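S.K.: Sending over a structure as structure tokens; questions will come in a sec.
The values are calculated or read from the model by the stated rules, or taken from the named source; none is laboratory data. The structure presented is a predicted model; accordingly, all values stated were derived computationally and were not measured. Don't worry about glycine lacking a Cβ; one is built from the backbone with ideal geometry, like all the others, and counts go over all protein chains shown.
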Amino acid sequence: MKQQQVAGSCLCGAVTYEAVGEPQRFFFCHCSRCRKASGSAHAANIFLQPGTLRFLTGEDQVRKFKLPEATRFGNHFCGTCGARLPRQGGDMVVIPAGSLNTDAPLAPQARIFMGSRAPWSCHGDQVPCFDQLPTA
Ligand SMILES: [Zn+2]
Ligand SMILES: [Zn+2]
């Protein structure tokens, strides 16, 4: 794939960023770390390589948590609103897909770490879909 540019922001809008790179992967990660950090069934991460990640505003508000025993896992988030933000991880830029204001540069490819998924978590095809909040 060729290089693409994406851009996004946190929930409160203090932190904005852009990233340029070659889209490599788009994974839903169901591991226990991603569940804790996202508060949800899975993380939705896009990986760009080789990456350039540039914060346009609010970089000083980005908080970084490194899990001591983890080699790859990290959680970067806005210190004001707590929204997850991109990070440079190794030679990859990791972008939480939900933080994007632009279209995702590729479609989700896989759900990973399904072995540690929560029993209630989505896994593809059997969850009914609603356009909005269901009424009944
Ligand atoms: Zn924020
Ligand atoms: Zn994970």
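S.K.: So how many residues does the stretch 60-77 have that are within 16 Å of ligand 1 (Cβ to nearest atom) and either closer than 23 Å to GLU22 by Cα or within 13 Å of the chain's Cα centre (by Cα) (or both)? Steps first, answer last, please.
M.R.: Residues of the stretch 60-77 within 16 Å of ligand 1 (Cβ to nearest atom): 60-65, 75-77.
Now drop any that are not either closer than 23 Å to GLU22 by Cα or within 13 Å of the chain's Cα centre (by Cα) (or both), which leaves 75-77.
Number of matching residues: 3.
S.K.: Quick one: is ARG54 surrounded by fewer than 16 Cβ atoms within 10 Å (Cβ to Cβ), over 22 Å from ALA110 (Cβ atoms) and within 16 Å of ligand 1 (Cβ to nearest atom)? Don't jump to the end; show me each part of the working.
M.R.: Numbers: surrounded by fewer than 16 Cβ atoms within 10 Å (Cβ to Cβ): yes; over 22 Å from ALA110 (Cβ atoms): yes; within 16 Å of ligand 1 (Cβ to nearest atom): no.
Taking the combined requirement at face value, the residue does not satisfy it.
S.K.: Taking the stretch 1-17, which residues are surrounded by fewer than 17 Cβ atoms within 10 Å (Cβ to Cβ) and either at pLDDT 95 or above or of a type in the set (S, T, N, Q) (or both)? Working first, answer last.
M.R.: Pass one, the stretch 1-17, residues surrounded by fewer than 17 Cβ atoms within 10 Å (Cβ to Cβ): 1-5, 7, 11-13.
Once the filter is applied, which keeps residues that are surrounded by fewer than 17 Cβ atoms within 10 Å (Cβ to Cβ) and either at pLDDT 95 or above or of a type in the set (S, T, N, Q) (or both), the stretch 1-17 yields GLN3, GLN4, GLN5, ALA7, LEU11, CYS12, GLY13.
S.K.: Considering only the stretch 30-64, state which residues are free of Cβ contacts under 8 Å to residues at least 60 places away in the same chain and of a type in the set (Gly, Ala, Ser).
M.R.: Within the stretch 30-64, ALA37, SER38, GLY39, SER40, ALA43, GLY51, GLY58 meet the criteria.
S.K.: In this structure, does THR80 turn out to be at pLDDT 95 or above, more than 14 Å from CYS34 (Cβ to Cβ) and either out of contact with any His (no Cβ under 9 Å at 6 or more places or on another chain) or among the aromatic types (Phe, Trp, Tyr) (or both)?
M.R.: Details: at pLDDT 95 or above: yes; more than 14 Å from CYS34 (Cβ to Cβ): yes; either out of contact with any His (no Cβ under 9 Å at 6 or more places or on another chain) or among the aromatic types (Phe, Trp, Tyr) (or both): yes.
Taking the combined requirement at face value, the residue satisfies it.
S.K.: Looking only at the stretch 1-38, how many residues end up being within 18 Å of LYS64 (Cβ to Cβ) and not in a strand (DSSP E or B)?
M.R.: Quick first cut of the stretch 1-38, residues within 18 Å of LYS64 (Cβ to Cβ) only: 8-12, 14-17, 19, 33-34, 36-38.
The next check asks that each one be not in a strand (DSSP E or B); those that pass are 10-12, 14-15, 33-34, 36-38.
So the count comes out to 10.
S.K.: Follow-up question, since we're still on this one. Would you check if there is a residue in the stretch 6-21 being in contact with a strand residue (DSSP E or B) (Cβ under 8 Å, 6 or more places away or on another chain), farther than 17 Å from GLY74 by Cβ and within 16 Å of ligand 2 (Cβ to nearest atom)?
M.R.: Scanning the stretch 6-21 turns up no residue that is in contact with a strand residue (DSSP E or B) (Cβ under 8 Å, 6 or more places away or on another chain), farther than 17 Å from GLY74 by Cβ and within 16 Å of ligand 2 (Cβ to nearest atom).
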